[in-house]
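See below for the structure under consideration.
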Amino acid sequence: MLSLKKIISAFSSLCLGILIIFLVLNRTEVSGEQVLNKLQHLNLFFVALVIVTTFIHLWVSAYKWRIITQKLSKNNQKSQDFYLGYIIVATLAIQFLPQHLGQPFVQGLAIKMHKLTSLSRGFFSVIYDQLLNILVPVLLLPPVLLYMFDKISLSWAIFITLVILLAIHYAIARWNKPLILFLGKSYWKLKQLMARKQQLVTQEQVIEDIPVLSTRFTLRLFWLSTFRHFNWILRGFFVVGAGGFAIKFWSIFFTTTLVQSAMLLSFTPANLGFMELGWIGGLGLLGVSGGEAGNFALLLRILGLSSVIIIALAFWLVGFVKNLAKLKTKKASFK
């Protein structure tokens, strides 16, 4: 459960995020009127693609969590819809709670309520899933920074990005167990430092107590995480199309990696404020004006949240219809 201290901390971080958005709107070239104008003249085809890529993101996130928990508990036979439902709830929760509180709370609640696996293994599944999600953008950050600061050309940045992905594949294939233990411990210590939860130090040993997943399975998760990241890039580019922004694809490609890497240090709900500053700074280094970058970042947040809400309503409506159909079938069988 969320303690009073955590609730106060979450509320404070939400207020901080709102304050940063207020400063962005009032101290930069970003214009709320221009964002409203963009909303009134959206390209609906690209809006539909934003919703589709958001759904793919949620579906892949749910699928990854599902196969991890099923790998750790053979008796767990929950459907994809079960995991997707909780991922949708977690995504909505982190709009109001910092990600290090909201997502683990919802996923942990699902594990405890439905007894998906033991608490220690369930804890590991959440940490392992988050680790792989953040691993891809962080390791792709070097060519992004080199390109943004004009140290290498676009072609070299793309080439180095591909080399890094292949190098990660090779490293996992060659040193799977020690690599997972090292990354898991490092990630957990950083999360503990950011959350300031001293009582969680003893739980670090949980990582070693759980059998390390197979090399083939880890590679599968890595490429799913890579696909998830590149799908997020596509979503950003579709927002460009929806709003009619003059921003190039490769600018979105590299800045997405920068912004997603910054999520590791996020302590405001859905990275509120800091995400917008990341887009303004990253796109600014690539020649995009502050006003254009800021307007894009705000529209990205609005369309992103709207897409999740639309998907949530559709998901629960479909679930309601399915349950209603099952109820009718049961009633008919008793006649």
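Couple of notes before you dig in:
- Residue that is farthest from A270 (Cα to Cα) [pool: residues in the range 9-32 that are among the aliphatic types (A, V, I, L, M) and exposed (fewer than 15 other Cβ atoms within 10 Å of the Cβ)]: L23
To keep it simple, each residue is scored yes or no on (1) closer than 30 Å to V239 by Cβ; (2) of a type outside the set (D, E, K, R); (3) modelled with pLDDT of 75 or more.
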position	(1), (2), (3)
W59	yes, yes, yes
K64	yes, no, yes
Q80	yes, yes, yes
T91	yes, yes, yes
L97	yes, yes, no
P104	yes, yes, no
S120	no, yes, no
L131	yes, yes, yes
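- The residues in the range 214-225 that are within 13 Å of I56 (Cα to Cα) and surrounded by fewer than 20 Cβ atoms within 10 Å (Cβ to Cβ) can be counted, and the count is 1.
- If the condition is being outside any helix (DSSP H, G or I) and buried (at least 16 other Cβ atoms within 10 Å of the Cβ), then the range 146-185 contributes only I152.
- The range 284-299 residues that are more than 12 Å from E29 (Cα to Cα), paired with ones that are of a type in the set (F, W, Y) and part of a helix (DSSP H, G or I) (beta carbon under 6 Å, 6 or more apart): A297/W279
Residue-by-condition table, conditions (1) part of a helix (DSSP H, G or I); (2) hydrophobic (A, V, I, L, M, F, W, C):
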| residue | (1), (2) |
| --- | --- |
| H57 | yes, no |
| V60 | yes, yes |
| I67 | yes, yes |
| Q77 | no, no |
| Y86 | yes, no |
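- Helices (runs of 4 or more DSSP H) within the range 228-335 that include 1 or more residues loosely packed, with under 15 Cβ neighbours inside 10 Å and at pLDDT below 90: 290-334
- Any pair with Cβ under 9 angstrom, 6 or more apart, that starts in the range 161-174 at a residue that is among the small types (G, A, S) and ends at one that is assigned to a helix (DSSP H, G or I) and surrounded by 14 or more Cβ atoms within 10 Å (Cβ to Cβ): A167/L139; A171/L179; A173/T215; A173/T218; A173/L219
- Of all residues making up the range 42-69, the number that are under 13 Å from D129 (Cα atoms) and more than 12 Å from the chain's Cα centre (by Cα): 7
- Some residue of the range 33-43 being free of Cβ contacts under 8 Å to residues at least 60 places away in the same chain, surrounded by 16 or more Cβ atoms within 10 Å (Cβ to Cβ) and charged (D, E, K, R): no
The values are calculated or read from the model by the stated rules, or taken from the named source; none is laboratory data. These numbers come from a predicted model, not from an experiment. So basically every Cβ, Gly included, is an ideal-geometry build from the backbone, and we count neighbours across all protein chains shown.
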